[in-house]
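The values are calculated or read from the model by the stated rules, or taken from the named source; none is laboratory data. Source: prediction; values computed, not measured. Every residue, glycine as well, gets a Cβ built from its backbone with ideal geometry; the counts of neighbours run over all protein chains shown. Note: accessible area is taken over every heavy atom of the protein model, side chains too, but ligands, DNA and RNA are not part of it. Shrake-Rupley method; radii C 1.70, N 1.55, O 1.52, S 1.80 Å.
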Amino acid sequence: MNTDIRYIFLDLGGTFRVIDKDPAYLAAARAKIAELCGVKTENPTQWFEDVIDKRYDVYREWALKYMCEAPEEVLWRRWLAYDCDPELIRRNASELCYQYRQTKGRRTVVEGGADTAKELCRRGYTLGIISDLVGRREVDECQDGLRPYFQTVQQSSVTYIRKPGPAIYYYAMEEVGAEPENCCYVGDNLNRDIIGAKAVDFGMTVTVQYQKDKPLKLTAENRPDAKVYRFPDLLDIFPKRGQVAVEKLIPPEDGQ
């Protein structure tokens with residue numbers, strides 16, 4: 001582990017943002033998808049679960065196999081709504097991706113996330129985002145007004161490359177002029193976030209574990225250098241640049 005960290009890259013879902021699964025919010029998004037696909041149904045939620053969700057499972061297998069995110073139109077015309085009017089799907093592909101994201105819940109920045117990101121910038125760190133998601137509409141809006149604090153945003157919906165594929169990490173480093181040994185990645189998924197960062201020799205990796213009672217299934221390949229239970233705990237790990245190096249690491253333990 002290298003303690004001369006200058007760049008901190010964050011995952012979004014489950015790390016910097018959390019999901020509120022309000023039933024009415026989910027139902028509205030599912031109904032909107034049926035409308036955008038030109039499907040008339042009295043139960044759009046059931047249609048979504050029976051058709052779109054199942055087709056997305058098939059798509060996800062392909063995406064993970066090839067570490068690739070399909071373009072918006074391809075996702076819907078090839079995988080999710082191939083039996084609908086192709087011209088209608090082409091026109092609505094971007095909105096369909098956005099609404100699909102909403103069917104998973106309302107996303108908000110994790111408690112203390114905004115203040116922590118701002119403080120890390122004040123302490124001299126360069127921040128960036130490396131995240132997987134479908135659709136491009138959220139690329140700028142998904143940081144909830146915090147976009148200026150992130151010097152690079154690499155998302156699979158734009159790069160078409162998913163974690164743990166190394167290329168998406170290289171894109172982020174290239175944009176900010178970073179060397180891997182000076183980079184840290186913070187994420188919640190050991191088998192995507194941590195493995196990918198280690199594949200490109202990041203100097204440090206940190207996992208967030210907001211559910212303390214959920215055991216980590218650690219291996220030699222996915223073992224992070226540290227874990228935090230609250231996003232603001234990152235401030236204990238990263239002091240002001242030029243001051244005392246990393247001190248308050250909580251090392252991950254097997255099964256914890």
In nm, give the distance between the simple-model label positions of VAL176 and ALA27, each being 7 Å from the Cα along the Cα-to-Cβ direction.
-> 4.2 nm
Relative to the Cα centre, what is the charge dipole magnitude of the stretch 161-249, using +1 at the beta carbon of each Lys and Arg, -1 at the beta carbon of each Asp and Glu, and rounding to the nearest 20 debye?
-> 380 debye
Stretchable slack from GLU61 to GLU119, in nm (0.36 nm times residue separation minus alpha-carbon distance) = 17.0 nm
Taking the Cα centre of the chain as the origin, how large is its charge dipole in debye, to the nearest 20, when only Lys and Arg (+1) and Asp and Glu (-1) carry charge on their Cβ atoms?
-> 160 debye
Per-residue [θ]222 nm for the chain (sum of -39500 (n - 2.57) over DSSP H runs n ≥ 4, rounded to 500) | -9500 deg cm²/dmol
Along each of the three principal axes of the Cα atoms of the chain, give the extent in whole Å, ordering the values from largest to smallest.
-> 62, 35, 35
Which order do TYR25, TYR171 take when ranked by solvent-accessible area (1.4 Å probe, heavy atoms of all protein chains), largest first?
-> TYR171, TYR25
Rounded to a whole number, what % of the accessible area of the chain do carbon and sulfur atoms account for, probe 1.4 Å?
-> 46 percent
Roll a 1.4 Å probe over the protein chains and send me the accessible area per residue for the chain in Å².
-> 48 Å²
Among LYS21/LYS163; LYS21/LYS54; LYS32/LYS104; LYS198/LYS227; LYS118/LYS217; LYS217/LYS240, which pairs are too far apart, with a Cα-Cα distance over 21 Å?
-> LYS21/LYS163; LYS118/LYS217; LYS217/LYS240
3J(HN,Hα) from dihedral phi, the stretch 20-25, Karplus parametrisation 6.51/-1.76/1.60, rounded to Hz, x for glycine, proline | 9, 8, 5, x, 5, 5
So the angle from the long Cα axis of helix 166-176 to the longest Cα principal axis of the chain, reported in degrees to the nearest 10, equals 60 degrees
Per residue, the convex hull volume that the Cα atoms of the stretch 87-159 enclose (Å³) | 89 Å³
Which residue, GLU175, GLU221, GLU87, tops the fluctuation ranking in a GNM of the chain built on C-alpha contacts under 10 Å?
-> GLU87
Short to long, in 10 Å steps from zero, the percent of alpha-carbon pairs of the stretch 11-113 per bin is 15, 43, 34, 8, 0
Derived scalar couplings ³J(HN,Hα) [the stretch 107-123; Karplus, 6.51 cos²θ - 1.76 cosθ + 1.60; whole Hz; x for Gly, Pro] = 9, 9, 5, 4, 4, x, x, 5, 5, 5, 4, 5, 5, 4, 5, 4, 7
What number, in percent, do you get for the relative contact order of the chain if the mean sequence gap of Cα pairs under 8 Å and at least 6 apart is divided by its residue count?
-> 24 percent
Restricting the count to DSSP beta bridges whose residues both fall in the chain, what percent are antiparallel, rounded to a multiple of 5?
-> 20 percent
